[in-house]
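**Q** Right, I'll just put the structure down here and ask away after.
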Amino acid sequence: MTTNQALGPQQPPTLPLNDIHLPEQISSLPIAFGWWLLAIIIIISLLLFSKYYRQNKRLNAAKNHALQQLNTHKNINANESLNLLKWAVMQYANRADIAKLYGYNFQHFLVAQLPSKYHSQFIALSTPAFEVQYQPSDCANSNNQESIDKHCKAAVKLWLQNALPIKALNIINTTQLEENKP
């Protein structure tokens, strides 16, 4: 008998194998550069948006207040509407330049601030109010005055919605207007 047969069935030689090891837990820190960049962009855009929103809200505060006054006072007359409009304009322009405008000079100033597509509509709605503004109230009949009040309110609303905030102030020389007055 040989020595191999004496040992019994032949066993394969044993290999030095280790147990299976799981990889280490992947850490989420440090965060990759791209995520930091995205976070910075989001924060900056939120800050810029909030700054723009606050500036826009502050810029339109007088306009919104005047429109709210028009909507809450249903029976506002033409003189009150024009006074409200003058107040709103003074919030955006130099008070000294605006305060001296009245009548047709004020109307021409307002027309100059509007986009050109609204000129004819504003003139048609506001001219009767400017014509009777400094006349005694007993001269106009009540039906005509109600119509003037309604049209003036519509003209003021049109102007507030389309001309404010004033971007480039078109101050008109009042001496030129007085020469051109009908």
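**Q** Give me the lysines in straight-line cross-link reach of residue 100: C-alpha distance below 23 Å, same-chain residues under 8 apart excluded.
**A** 63, 86, 153, 157, 167, 181
**Q** Here's a follow-up. Hey, if we sort 166, 20, 31 by accessible area with the 1.4 Å probe, largest down, what's the order?
**A** So, going from the largest accessible area down, we get 20, 31, 166.
**Q** Residue 18 versus residue 116, label points 7 Å from Cα toward the beta carbon: distance in nm?
**A** Going from the residue 18 label point to the residue 116 one covers 8.4 nm.
**Q** If amide hydrogens are placed 1.01 Å from N in the peptide plane, which non-local residues have theirs closer than 5 Å to the one on residue 60?
**A** Amide H neighbours of residue 60, under 5 Å, 5+ apart: none.
**Q** When only alpha-carbon atoms are used, what values of Rg and Dmax, in angstrom, describe segment 32-72?
**A** That works out to 17.5, 56 Å for Rg and Dmax.
**Q** Which of 38, 70, 55 sits closest to the plus end of the dipole of segment 12-84, meaning its Cα is farthest towards the positive end, when Lys and Arg get +1 and Asp and Glu get -1 on the C-beta?
**A** The Cα lying farthest towards the positive end belongs to 70.
**Q** Can you list the HN-Hα couplings for segment 150-163, worked out from phi with the Karplus curve (6.51, -1.76, 1.60; θ = phi - 60°), rounded to whole Hz and with x for Gly and Pro?
**A** 5, 5, 5, 4, 5, 5, 5, 5, 4, 5, 4, 6, 10, 10
**Q** What is the dipole size for segment 1-121, taken about its Cα centre, with +1 at each Lys and Arg Cβ and -1 at each Asp and Glu Cβ, in debye to the nearest 20?
**A** Computed about the Cα centre, the dipole is about 1200 debye.
The values are calculated or read from the model by the stated rules, or taken from the named source; none is laboratory data. Remember, it's a predicted structure, so these values are computed and weren't measured experimentally. Positions of Cβ are generated from backbone atoms using ideal geometry, with glycine treated the same way; all protein chains shown enter the neighbour counts. These area figures cover heavy atoms from the full protein model, side chains too; ligands, DNA and RNA do not enter into them. Shrake-Rupley method; radii C 1.70, N 1.55, O 1.52, S 1.80 Å.
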